1. Just checking, how many residues over the stretch 14-39 are polar (S, T, N, Q) and at pLDDT 75 or above?
2. Only one of (1) open to solvent by less than 80 Å² (accessible area, probe 1.4 Å); (2) modelled with pLDDT of 85 or more fails for residue 69. Which number is that?
3. Given the condition modelled with pLDDT under 90, in a loop (DSSP other than H, G, I, E, B) and either open to solvent by 50 Å² or more (accessible area, probe 1.4 Å) or in contact with a Ser or Thr (Cβ under 6 Å, 6 or more places away or on another chain) (or both), answer yes or no: does some residue in the stretch 92-106 qualify?
Amino acid sequence: MQKVKAVAIICITALSILSFPSFSYSLGISAGVSTWYAHWDMEENTGDMDMGEALMYGPMIALRFSPAWSLSSVFLYGKFEPESDDPNAGPDTIKRIDSDTVINYSVNKYFRIYAGFKYMGYDF
């Protein structure tokens, strides 16, 4: 039993040493506020509808794990008031949320590879 423990400790120690590079990099964190002044036109089967203009705003965060890898996320929220003369044209206010999350890898200082997802939600 003692032999199994010794082998396990040696294997875990070896994996730990080999999995960490000889240099270290501190985690970089950036946080802030993002804004976007958006004009939104919506197309329906019955024709175009001008949803108006609104300021979308929300938090953003970015994490840099190494000189090559980083992750960023932005969340935006805004209220749109459609511009229409017809009172039966649609809702008075539309709440919109928009979220983007991206992970990227820097191949070199001129070329990066991005992957991520975008979510857009509406509350009529």
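1. Total satisfying the criteria: 4.
2. (1)
3. yes
The values are calculated or read from the model by the stated rules, or taken from the named source; none is laboratory data. From a predicted model like this one, the values you see are computed outputs, not experimental measurements. Virtual Cβ from ideal backbone geometry, glycine too; neighbours counted across all protein chains shown. Heads up: the accessible areas ignore ligands, DNA and RNA and are worked out on the full protein's heavy atoms, side chains in. Shrake-Rupley method; radii C 1.70, N 1.55, O 1.52, S 1.80 Å.
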